[in-house]
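Asks: Provided herewith is a single structure, encoded as structure tokens, for subsequent inquiry.
Derivation of every value follows stated rules applied to the coordinates shown; laboratory data play no part. None of these values were measured; they are calculated from a predicted model. Quick reminder, even Gly has a Cβ in these numbers, built from the backbone with ideal geometry, and neighbours come from all protein chains shown.
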Amino acid sequence: MIRLYQITNYKSLGEQAIPLSALNLFTGVNSAGKTSAIHALLSSADNLADREHEHLAIARHLPSMTFNEVRNYLRNAKDFAISLFSGETEVTLEYTPADDALIKTRVKQRGIPSEEMREQLSENLYYLPAMRSGKLDETSINSDAEKNVLGLNAEFIIDYFQNHRNMLLEENLLRAETKTLEAQVNYWLSQMTGYRLTVNFDGSKYMVRFIGKGGKELMPFHVGTGVSYITQVIIVALAAPKNCLIIVENPEIHLHPSAQAAMIDFLSMIASTGRQVIVESHSDHIFNGIRRLLHAGMLQVEKVQVINFTQDGEGLTHATPVVLSQNGGIPNYVPGLFDQFDEDLDSILS
């Protein structure tokens, strides 16, 4: 499991060390640097090798970007670096321009990853971006599944599901009697939305339908976008193997607050089974759901990390760990941390 990564001069991040646990929440105002911190981790995963060497930068989980786009322009940085820490292993990736126009990027790796680090980042990384496609009506075959199992924008999740639907899950993931991925996905989907998922294949594309309580099959278009988005998260989280890294941006997209609360319960369960989860979210229901789980003893404080992202007057990002107690309290007040509800209530009661 990645316990820490350090970013130097990547986008708005100057010098930031970000600690990680099993379940991690990245939060903060818009454009504070949350996504940049995730992109830095993805870039390091894409370029991690099993030996020390130099090569031109690879982009698998992200669109290809020029060196000038990702260097810290505020500090006029001439290079940037990302260091990964897992157990006793430390690996640093140093990025420098590979041409005078600052377009291509060269990567130099210092340190050799452990097998656990390499497996987690190079083979078992699953990324659901905020801009992922919510359209599940007709999805096609993923012709590049070996390099990116979900696609660049998670557009091939149904293909991924169909290829794993009969996979038997381990005992600590089971809730339904039948042990297959398909049965477990439908258990959780039914619990959260009242629908079940069914998929047919016509030889070139998949037809997705949701089955309601009356038994009628409905196209995704007719059940609401939130059902499609929550289906994606459930599929990936249940199918991902142990020693994986699951990154989900905005899991609350188009979800009712009760479903958002159920979503963090689900992801907390996933993180308790040897899988590492990073959630980027603006939802106070997800944040307070973590506090509720701590208070109930269903989540241990050492197994969760909340990072609050802010920007200073110069536009540089600061990633600050939020101190939580086992009873769900916040010992030190953090200005701007999900306090809008309190401010609105104060305004009403005044």
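Asks: For Cys244, enumerate residues with amide H under 5 Å from its amide H, sequence gap 5+ or separate chain, H modeled in the peptide plane.
Replies: Gln276
Asks: How fast does segment 134-239 diffuse by Stokes-Einstein, in µm²/s, taking the Kirkwood radius from C-alpha pairs at 10 °C and 1.306 mPa s?
Replies: Answer, rounded: 114 µm²/s.
Asks: Considering the convex hull of the alpha carbon atoms of segment 71-184, report its projected area averaged over all viewing directions, in nm², one decimal.
Replies: For segment 71-184, the mean projected area of the Cα convex hull comes to 11.2 nm².
Asks: Please give the charge dipole size of segment 179-250, origin at the Cα centre, charges +1 on K and R Cβ atoms and -1 on D and E Cβ atoms. Round to the nearest 20 debye.
Replies: 180
Asks: Which of Ile230, Ile290, Ile141 moves most in a GNM of the chain, Cα contacts under 10 Å?
Replies: Evaluated over the chain, the most mobile residue of the options is Ile141.
Asks: For segment 98-168, run through the GluC sites (Glu not before Pro) and keep only the ones in DSSP coil with at most 14 other Cβ atoms within 10 Å of their Cβ.
Replies: Passing both the DSSP loop test and the Cβ count: Glu146.
Asks: Is there a quick way to get the dipole size of segment 134-239? I mean about its Cα centre, with the Cβ of Lys and Arg at +1 and of Asp and Glu at -1; what is the value in debye to the nearest 20?
Replies: So the dipole magnitude of segment 134-239 works out to roughly 360 debye.
Asks: Got a sec? How would Lys78, Lys205, Lys11 order by Cβ neighbour count within 10 Å, fewest to most?
Replies: Result, fewest neighbours first: Lys78, Lys205, Lys11.
Asks: Okay, moving on. Evaluated at 37 °C with a viscosity of 0.692 mPa s, what Stokes-Einstein diffusion coefficient in µm²/s does the chain have when Rh comes from the Kirkwood expression over alpha-carbon pairs?
Replies: 154
Asks: At 222 nm, what value in deg cm²/dmol follows for the chain if DSSP H runs of at least 4 each add -39500 (n - 2.57) and the sum is divided by all its residues, to the nearest 500?
Replies: Helix-only estimate at 222 nm: -8000 deg cm²/dmol.
Asks: To continue, here is another question. If I take the Cα coordinates of segment 170-290 and project them onto the principal axes, what are the three extents in Å, biggest first?
Replies: Principal axes ranked by extent give 38, 30, 28 Å for the Cα atoms.
Asks: Still on this structure, I have one more. May I ask which residue of Gln260, Cys244, Val223 lies farthest towards the positive end of the charge dipole of segment 173-313, with charges of +1 (Lys, Arg) and -1 (Asp, Glu) on Cβ and the Cα centre as origin?
Replies: Val223
Asks: Quick one: go through segment 18-33 and flag any residue whose amide nitrogen is under 15 Å from the point 7 Å out along the Cα-to-Cβ line of His282.
Replies: Under cut-off, by backbone N: 26-33.
Asks: Could you tell me the largest-minus-smallest coordinate of the C-alpha atoms of segment 212-350 on each of the three principal axes, in descending order and whole angstroms?
Replies: Largest to smallest, the principal-axis extents are 51, 43, 36 Å.
Asks: Only Cα pairs within less than 10 Å get springs; with that Gaussian network setup on the chain, which residue of Leu121, Leu169, Leu48 has the largest fluctuation?
Replies: Leu169
Asks: Can you sort Ile278, Ile211, Ile247, Ile103 so the residue with the fewest Cβ neighbours within 10 Å comes first?
Replies: In increasing order of surrounding Cβ atoms, one gets Ile103, Ile211, Ile247, Ile278.
Asks: Right, next: Using the crude model of +1 on Lys and Arg Cβ and -1 on Asp and Glu Cβ, and no other charge, please compute the dipole size for the chain relative to its Cα centre, in debye to 20.
Replies: About 540 debye.
Asks: Based only on other Cβ atoms within 10 Å, what is the fewest-to-most ordering of Ser133, Ser228?
Replies: Ser133, Ser228
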